[in-house]
Amino acid sequence: MDKVGIVGYNQVKLYSDANYGRYEMIFEAVRGALDNAGLKKKDITTVISATNDYYDGRTISNCFTVEVGGGYLADESKVEMDGAHAMLYGLMRILSGNHKLAVVWGGSMPSCYPYHSARLYETDPTWERPNAYVNDVTASGFQMRAYMDKYDIGAEYIANIAVKNRKNAAKNPLALEEAQNSNITVDEVLNSDAYSDPVTELMVAQPCDGVAAVLLAPERQALKITDKPVWISGVGWNQDTYYIGERDLSTCTSMELAAKQAYDMANINDAKNDIDVAELHEAYAHEEMIFTECLGLAEKGEARKLNTSIGGDLPINPSGGAMGGKPPCATGLIRVIEAVKQIRGEAGDYQVDGVNRAVATGQIGMCAQNNIVWVLEGGGE
Amino acid sequence: MTEKVIEKNKGLVKADFAFWVGLYMDKFYDGFEQKKIMANKCPECGSVFVPPRKICGKCRIKLPIDENWIELGDKGKLINFTRTAYKVSDRRARKSKSLKDYGMVQIEGSDTAIVYPLIDFEENDLKMGTEVKIQWKENPSGGPSDIEGFVKL
Amino acid sequence: MGRQVAITSAGFSEHASKRSDVSMPELVNEAIEDCLTKVPSVELDDIDAFVNGNMPAFEGSNLPELWMTDWMGARNKPLMRITTGGTTGGSVAIGGYYTVTAELPGIDTVLAVAFEQQSQGDTSVGLASVAYGEISILNSLGISYGQLNRLLSGGAAIGVAAYQATNYMSKSKITEEDLARVVVQNRRNAAKTWWAHLKMPDLTIEDVLDTPYIQYPLRYGMVCPASDGAVAMLFTTEEKAKDMCDIPVYVNGVASVANETAVLGYDGSGSAQVDPSAQIGAMKSAELAYSQAGISFPRKEIDYAEVYAPFPNQELMWDEKLGLFEETTAPEMYETGVTARDGELPVNCSGGVNSTNAIGASAMERPAVAALQIMGKASNQVPKTVHTSIGSGWGGSLNFITLMVMSDEPKRKWK
Ligand SMILES: [Zn+2]
């Protein structure tokens, strides 16, 4: 694969109820990314957005974002998935040789719509949707129980992840205020209200308002734009079957396959040693443990033994992860941005020492049905 | 030709949707009318699917509509469960006052599991492997609501 | 820097106003089956990645590919969903091209699928949200859906298209007969296309002009139907394509450009555009795609065109904007038979969107048919040999155009 660099990024502050409109938010994110790279609107040749018609409450949700997203008279398209998937299409467009600068942005404003109700529309209307017994809420409960049951793991280990991520989020100025808590304890997490047992409310990444953007460029242009480009060395994406009654929920096959594809591309044979930091889109605390294992960062059932704090053996979600705020269609892209910050040494209070290679993931669907894995590397030469 | 329609669909926007269930699900729901579970089986890997489908996801081969049907009983075992107060079919996904139990049950003879409420389950009945039985609606009409839930055997 | 991409097959489901005999996954599966039947050496298992899309609000399902995964044969495969409204099909096809050209390891053969089962849903609700921007804002202002529906009787796609039509007519001096003539050509062509929806082999200009207006200048007999249907296209590398079929079709240019504006969109959709027939986006798309394909004289170099046009005025307008004919001369080309099946530059021999419109699928059906015309496998095949063809898509509120340029020769000059 030819070298493609991430040359700029920006993320707006996450709010549970943002005090401004989505177009302003998109403009802030994209304009900020261009400023971050020292570029102008006229430099953009293609724009890939990630929005969702149901989340935005309208058909063709990208239709009215053309100007604010920098897409006016640029070659543009929309990936209706996580922002991390939109970046995949941005990468393909750069690799084609047709484009020299791709803007990738994604985001949503769940303060304007009932999130779970919109998610219910993702279920099979001829089977599960009329009764709504299978939905994003109950699926999370099944998933956590499957994991705990398979490896005989107590809920306190999962609560521990929520504690770590909420504490990390407290160091991240862009994280959702409601998610930031530097004094939270395992007991508090375990004793918070039931979400879908055994998942409790504090183990859930809260949907919130936010938009994020990154800029991609081919090697030659990337080196001219910035002296700190972050290179894409691998990507993998994969979709599992829909039926949660047919999947082994204690693992995540699509994540394993996506990781294999990305690692093969990046020549990674020993993920545990080759990767310095991971930013994962964990919709629930237990998903971080499942993903950690599927990414080969821990053996199956052993994620709980890994020290994943900022100063630990293998820091995971030093930014607070999705637990620090989960704007639909932006969360995976924010993970990419956080990985870029770590590699460039721009992560401030949650900077991990000596990061050169990072993974970032994004997902959509119940129990993370579709996952994307990015391997990113520094070393601008 | 089948014109079975699933109509109930509350949500974000009030709009009338009618979802054609298609050939495979039609056969499945016809079974429901007689309180039967009709599954189809992949001739290659032997997987038995509830609900039935046209393509075996694993082997990526077509399961023709007239072949490989099998009738299953209404017994199964609990392979997963959860308890929640959320009413996601409600427009605002509010929480109800009481918690409700849902079980993932593998019907005997199938390789998949289906999710329905657990009826009259005590706290200590909620165990992986508990044997259960489908509780059918008294007068099934050929739709997903014909199964009211699972009861302990 | 990107590799040559080829199309080796395209398939369709049967289209009708109500495919209530099948579920959405079954409908999609029909198109995939038809597509793969034409390439006997390719099994579902040989697909390395999937790209798909539809216009989800029209049928009440968000991200339907999630529950259709197994039915498409995509379980545990890379899958990407692209949706851009009316252009969805075109955008998915272009996504198929980019997935192959990117040369990612192990990703050679890609199945692109686009579909719509409009009979399931309430299309006016979907269109309302295009024409009126924020559903939620209108609802919060206390405007009910019943009221919105009445507002829509002169609005939505027909409404904005009518403004576009009058704008175009005032510039080009075309008559209603010119519009009807386009419709007659399309519906007669549809009669010879097995999967098409509105088949009218004996339609006359008088028949069309006999139907009442919906909104001047568009009459009931001129507008597209709402269809259920699906389409699939198979993209692969140049090397693999040669083993799959006799005449691979090379994708030599792609573009998807919008000149949609946010502020107008917010307040009154594209209908508030000063001149929705100006089509700067379409011209930019054409410029980009033709330059990639090395086409300097589209009128001379393109042998066949599938132009996305639900309404006849749009077909005339885009024929010109995409460079097939000089401005204001398109009507004449229909009158003199240039665009007929046996003409010099046949347009929409499938009957076009004017005869079959399963919205999410429509913009992929254009490049699909255009590719099959090169292979000599189209349902209503033109008698002459087609070397180079184009397929376009229209979407957004009025100003988003996708374009794919295809050829029987890999002509692309790599930099
Ligand atoms: Zn099988």
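The values are calculated or read from the model by the stated rules, or taken from the named source; none is laboratory data. Since we're looking at a predicted model, the values are computed, not measured. All Cβ positions, even for glycine, are placed from backbone atoms using ideal geometry, and neighbour counts span all protein chains on display. The protein model used for the area step is the full one, side chains on, heavy atoms only, and it has no ligands, DNA or RNA in it. Shrake-Rupley method; radii C 1.70, N 1.55, O 1.52, S 1.80 Å.
Applying the criterion of being out of contact with any helix residue (DSSP H, G or I) (no Cβ under 8 Å at 6 or more places or on another chain) and among the aliphatic types (A, V, I, L, M) to the residues of the stretch C:32-70, the residue that is farthest from the other protein chains (Cβ to nearest Cβ) is C:I47.
Does at least one position in the stretch A:122-132 carry a residue that is of a type in the set (A, V, I, L, M) and either in contact (Cβ under 8 Å) with a residue 40 or more places away in the chain or closer than 30 Å to A:S77 by Cβ (or both)? No, because not a single residue in the stretch A:122-132 is of a type in the set (A, V, I, L, M) and either in contact (Cβ under 8 Å) with a residue 40 or more places away in the chain or closer than 30 Å to A:S77 by Cβ (or both).
The numbered conditions (1) of a type outside the set (G, A, S); (2) open to solvent by 10 Å² or more (accessible area, probe 1.4 Å); (3) closer than 26 Å to C:I174 by Cβ are all true for C:Q314 except (2).
Each residue in the stretch A:80-90 was checked for being more than 13 Å from A:P328 (Cβ to Cβ) and within 7 Å of another protein chain (Cβ to nearest Cβ), and 2 pass. Within the set A:L314, A:L306, A:L297, the sole residue that is open to solvent by 20 Å² or more (accessible area, probe 1.4 Å), in contact with a Ser or Thr (Cβ under 9 Å, 6 or more places away or on another chain) and among the aliphatic types (A, V, I, L, M) turns out to be A:L306. The residues in the stretch C:22-47 that are open to solvent by less than 40 Å² (accessible area, probe 1.4 Å) and not hydroxyl-bearing (S, T, Y) can be counted, and the count is 16.
Residues in the stretch A:290-336 that are part of a helix (DSSP H, G or I) and more than 24 Å from A:D349 (Cα to Cα): A:I290, A:F291, A:E293, A:C294, A:A303, A:R304, A:K305.
When you look at A:W237, is it of a type in the set (F, W, Y), closer than 23 Å to A:G332 by Cα and out of contact with any Asp or Glu (no Cβ under 7 Å at 6 or more places or on another chain), yes or no? So A:W237 passes the test. The residues of the stretch B:128-148 that are more than 10 Å from every other protein chain (Cβ to nearest Cβ) and in contact with a Leu (Cβ under 8 Å, 6 or more places away or on another chain), listed by number, are B:G129, B:T130, B:E131, B:V132, B:K133. Please find, within the stretch A:76-108, the residue that is surrounded by the fewest Cβ atoms within 10 Å (Cβ to Cβ) out of those that are part of a strand (DSSP E or B) and small (G, A, S). Per the stated criteria, the residue is A:A102.
For the stretch A:21-37, the count of residues that are among the polar types (S, T, N, Q) and farther than 22 Å from A:L88 by Cα is zero.
The set of residues in the stretch A:257-274 being more than 8 Å from chain C (Cβ to nearest Cβ) and open to solvent by 30 Å² or more (accessible area, probe 1.4 Å) consists of A:K260, A:N267, A:N269, A:D270, A:K272, A:N273, A:D274. Against the criterion of being within 14 Å of another protein chain (Cβ to nearest Cβ), within 20 Å of C:N76 (Cβ to Cβ) and buried (at least 23 other Cβ atoms within 10 Å of the Cβ), A:S254 qualifies. Looking at the stretch A:67-116 only, could you name the residues that are in contact (Cβ under 8 Å) with a residue 60 or more places away in the chain, among the β-branched types (V, I, T) and in contact with a helix residue (DSSP H, G or I) (Cβ under 7 Å, 6 or more places away or on another chain)? Hits for the stretch A:67-116 are A:V103, A:V104. Among the residues of the stretch C:286-336, those that are part of a helix (DSSP H, G or I), aliphatic (A, V, I, L, M) and in contact with a helix residue (DSSP H, G or I) (Cβ under 6 Å, 6 or more places away or on another chain) comprise C:L316, C:M317, C:A330.
Inside the stretch B:22-46, can you point out the residues that are within 16 Å of the ligand (Cβ to nearest atom) and either in a strand (DSSP E or B) or more than 8 Å from every other protein chain (Cβ to nearest Cβ) (or both)?
Hits for the stretch B:22-46 are B:A39, B:N40, B:K41, B:C42, B:P43, B:E44, B:C45, B:G46.
For the structure I just gave you, tell me whether B:E122 is more than 7 Å from every other protein chain (Cβ to nearest Cβ) and without any contact (Cβ under 8 Å) to a residue 12 or more places away in the chain. Taking the combined requirement at face value, the residue satisfies it. Against the list (1) in contact with a strand residue (DSSP E or B) (Cβ under 8 Å, 6 or more places away or on another chain); (2) within 16 Å of the ligand (Cβ to nearest atom); (3) open to solvent by less than 50 Å² (accessible area, probe 1.4 Å), the condition B:D111 fails is (3). Of the helices (runs of 4 or more DSSP H) lying entirely inside the stretch A:116-224, not one is found with 1 or more residues being open to solvent by less than 10 Å² (accessible area, probe 1.4 Å), at positive phi and among the β-branched types (V, I, T). Is it fair to say C:L179 is modelled with pLDDT of 95 or more, out of contact with any strand residue (DSSP E or B) (no Cβ under 6 Å at 6 or more places or on another chain), part of a helix (DSSP H, G or I) and of a type outside the set (V, I, T)? In short, yes. Filtered by the rule that a residue be among the hydroxyl-bearing types (S, T, Y) and in contact with a Gly (Cβ under 9 Å, 6 or more places away or on another chain), the stretch B:115-153 gives B:Y116, B:T130. Under the condition of being within 14 Å of chain A (Cβ to nearest Cβ) and either open to solvent by 50 Å² or more (accessible area, probe 1.4 Å) or within 16 Å of the ligand (Cβ to nearest atom) (or both), the residues counted in the stretch B:47-82 number 16.
Being among the aromatic types (F, W, Y) and at pLDDT 95 or above: is that true of B:Y86 here? Judged against the criteria, B:Y86 is not a match.
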